[in-house]
Amino acid sequence: MVKAWLMDNETTDQRLEHHRNPPAFVELDELFKRTGVEYFLINADNYQNDKVLQDLRKQRNYSYEDEITCSEKCLPDYANKLKSFFTEHLHTDEEIRLVLDGSGYFDVRDNEENWIRIAVSKGDLIIIPAGIYHRFTLDSNNYVTAKRYFVGEPVWLPYNRPADDMDCRKKYLKHQSEGFVNLGKA
Ligand SMILES: [Fe+2]
């Protein structure tokens, strides 16, 4: 089950939890209000028949899907890939991930520039909006398998920070100022 918390500022191993002292957890509705990140719980053992996932795919036109495994054994060019995943970046489209096995951390910037760490594991589906600064790392288990979804032909290109002049960034900030009520609309 997903958990999210504000991170400390330590530069030690990125795979550690990096809780503040005392820990400062962020509830999912608060996470959405601050960042626009959405969360859904899916039955990972039978995701093809999961009603929540089926409805999501239909409503949002997720026409593309594939599967990615991140581990030293399975991912070509592992060290460099992990480094680029953990470099703060944004995308012009939503990043949609459903964890089928293993675990990892998505870190997203909130409205006050704090990092919020989102710990995902089996059955967690998160939607990271277009234009939000974020990054990903494996945790100390060093393994995750996830489904990726996309509207149309997939574009995985990351734009490293700073990318403040991009349209998707400006749109994101507008959505944030409106409390994300129009998220997903132009
Ligand atoms: Fe990303």
Looking only at segment 32-74, which residues are touching a Pro at 6+ places or on another chain (Cβ under 9 Å) and closer than 22 Å to residue 181 by Cβ?
-> 35, 36, 37, 38
Only one of 120, 108 is farther than 16 Å from residue 158 by Cα and surrounded by 20 or more Cβ atoms within 10 Å (Cβ to Cβ), namely 120
Cross-chain or 6+ apart pairs with Cβ under 6 Å, segment 80-92 first and more than 10 Å from the ligand (Cβ to nearest atom), then of a type in the set (Gly, Ala, Ser) and part of a helix (DSSP H, G or I) | none
Could you please find all residues in segment 42-67 being touching a residue at least 24 places away in the same chain (Cβ under 8 Å), in contact with a helix residue (DSSP H, G or I) (Cβ under 9 Å, 6 or more places away or on another chain) and surrounded by fewer than 13 Cβ atoms within 10 Å (Cβ to Cβ)?
-> 63
What single numbered condition from (1) within 12 Å of the ligand (Cβ to nearest atom); (2) in contact with a strand residue (DSSP E or B) (Cβ under 9 Å, 6 or more places away or on another chain) fails to hold for residue 151?
-> (1)
Out of 72, 17, 30, sole residue that is at pLDDT below 95 and either at negative phi or out of contact with any helix residue (DSSP H, G or I) (no Cβ under 8 Å at 6 or more places or on another chain) (or both) | 72
Sole exception among (1) under 11 Å from the mean Cα position of the chain (by Cα); (2) more than 12 Å from the ligand (Cβ to nearest atom) for residue 72, by number = (1)
Conditions: (1) under 24 Å from residue 96 (Cβ atoms); (2) in a loop (DSSP other than H, G, I, E, B). Residue 22 meets all but one. Number of the miss?
-> (1)
Before we move on, is residue 170 free of Cβ contacts under 8 Å to residues at least 40 places away in the same chain and more than 22 Å from residue 31 (Cα to Cα)?
-> no
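The values are calculated or read from the model by the stated rules, or taken from the named source; none is laboratory data. From a predicted model like this one, the values you see are computed outputs, not experimental measurements. We place every Cβ from the backbone using ideal geometry, glycine too, and count neighbours over all the protein chains shown.
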